[in-house]
Structures are given as C-alpha cells and as structure tokens.
Amino acid sequence: MLARVKLEKGCKSRGIKLSGALAAAGLIAAHSTKDLSDHQREKYAVVTLIDCRSILDPVLSSDYMGFYHSAILNTHDVSGGENLWDLAKRCYTAYSNAKNNNKHFTDMGDLNFLMCKAIENPGLTPSSSLRTAFISVFEDPVTDDTNEMHGEVGVEDYVGCSSVHGVGPSVAIFDTIRDGRLDCACVYPSPLHSRDQMQKLIDDMKKILVDGCANGESES
C-alpha cells in the first residue's frame, strides 16, 4: 500500500495520472531489453483507453454493464537512460493534449479502419505480428472494495480483464486499486511472446516504478 501511495503522490505532484507512469515504465523496460547504446532511440506506441460513460449523453454510471471505451494512440521516441518521471510526463501530456482535442472521438473511425486493415493484411504490422502498439493502459484504474463480499462466498483471488483475438498491443495493463493496493493484470499474446519474456518485462517495470518513487522522494 505504501508503494502505491508513493507512486500516486509522485504522479499528483507532476500533474499526471498513474497511466502515464505505467506507460513510461513499460517503455523504459522494453528499451532495456535490446542491446542498444543509450543514445539510440526506439519508437514505441502507447494506447490509452478511456471510459466514456461519464461523457455520454445520457451519462451512464461507472458500473453500467458493457464496453464503453475509446482509445488514443500516441508514439514516443525512447532512448537509454530515460528518467521515469520525465518520460511519464511526456506520455501523459501527449495523451492529455489529444484528449483535449477530442481525438478519442474524432479518430475513432480512422483507428477502427486501420485495425480492420491490419487484420486483413498482417504484413502491414511489424514482422506480421498484428501488434499495433507496444502497450495499452487505462486512463484511470478501477477501484474495487468488494473483497470482503468475495471472501464470504469463498473467492480468494481473481483478476478482471478482457482480450480479443487478432490485432492489439504486445502487453495490456489492467490496473485496479484493491484493498488500497495497486493490483495489475497483464495480458499478452501467446505464443508471440513467452511467459518468461513477459515476466522479465513486468519485473523490470516494477523495479523502475519502485526506484522512480524512491528517487523522486529524494529529489523533492
């Protein structure tokens, strides 16, 4: 819980959301897996999913059943030695600017068209992998305070996520605040990526976030 509080505090002090930090940690971890010098830059795409229930007419409650998400796609150039918070700020600012320009609505048709074309022509994606982005994150985490209820019916643990066959990111992060702790479910395409490969990526992301919080505190 303390780590989550530090992470949220670091985000709040920089005017960003948790999604920016998660995306940045993923990009840094991905770049570190390649044998590149620090000055070599790699381009990565980040998809941020937005729950549109509150901005529909009529407004829908947050627990209204169904999929009411839109998405914004941003690309970022990442080099070695990136600072977590600097990159998180870049990621969130790019996303926020796009959202303020209503890109989650105006670009919806274009994104759907490109997704369909990628499915029809896998060769349009890197190595015909059908990967259209490196990572997807949600604008806001889900808050789940129902663990006591689950315990009463004998449920010890569970994850909430969804996935589709075909086109998508290399890793999707489903973040939930559960019992005051940050709980992330990570979904990836198999056998395109192996469990060992993704486990290392997630472990590196966790270390980057923890170190970033510690360094952020010492700088403040």
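Tabulated results
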read-out	value
Dipole moment magnitude, nearest 20 debye, region 2-219 about Cα centre, only Lys, Arg, Asp, Glu C-beta charged	660 debye
For region 34-43, 3J(HN,Hα) per residue [Karplus equation, 6.51 cos²θ - 1.76 cosθ + 1.60, θ = phi - 60°, Hz, x = Gly/Pro]	9, 7, 10, 6, 4, 7, 6, 9, 10, 9
Computed [θ] at 222 nm, deg cm²/dmol, the chain (DSSP H ≥ 4; -39,500 (n - 2.57); rounded to nearest 500)	-13500 deg cm²/dmol
Amide H partners (placed H, <5 Å) of His69, local residues excluded	Cys52
Of all DSSP beta bridges in region 2-219, antiparallel share, percent nearest 5	60 percent
Order by protection proxy (mean Cβ within 10 Å, highest first), peptides 15-22, 106-113, 201-208	15-22, 201-208, 106-113
Contact order relative to length of the chain, as percent, for alpha carbon pairs under 8 angstrom and 6 or more apart	26 percent
Residues in region 123-148 that a label on Phe105 would reach, taking backbone N under 18 Å of a point 7 Å out along Cα→Cβ	none
Karplus-derived 3J(HN,Hα), 6.51/-1.76/1.60, for each residue of region 102-115, Hz, glycine and proline x	6, 5, 5, 9, 5, 9, 4, x, 5, 5, 4, 5, 5, 4
Karplus-derived 3J(HN,Hα), 6.51/-1.76/1.60, for each residue of region 7-15, Hz, glycine and proline x	5, 5, 5, x, 5, 4, 5, 9, x
Stretchable slack from Ser128 to Ser79, in nm (0.36 nm times residue separation minus alpha-carbon distance)	15.2 nm
Using a Förster distance of 41 Å, the FRET efficiency for Glu152-His39 (Cβ separation, nearest 0.05)	0.15
Residues Thr143 and Leu60, FRET efficiency given R0 of 22 Å [Cβ-Cβ distance, rounded to 0.05]	0.80
Long-range Cα-Cα pairs in the chain (distance over 32 Å), rounded percent	19 percent
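The numbers here are math on the coordinates, done by the rules we state, and not lab data. Quantities reported herein were computed from a predicted structural model and do not represent experimental measurements. Note that each Cβ is placed from the backbone with ideal geometry, even for glycine, and that neighbours are counted across all protein chains shown.
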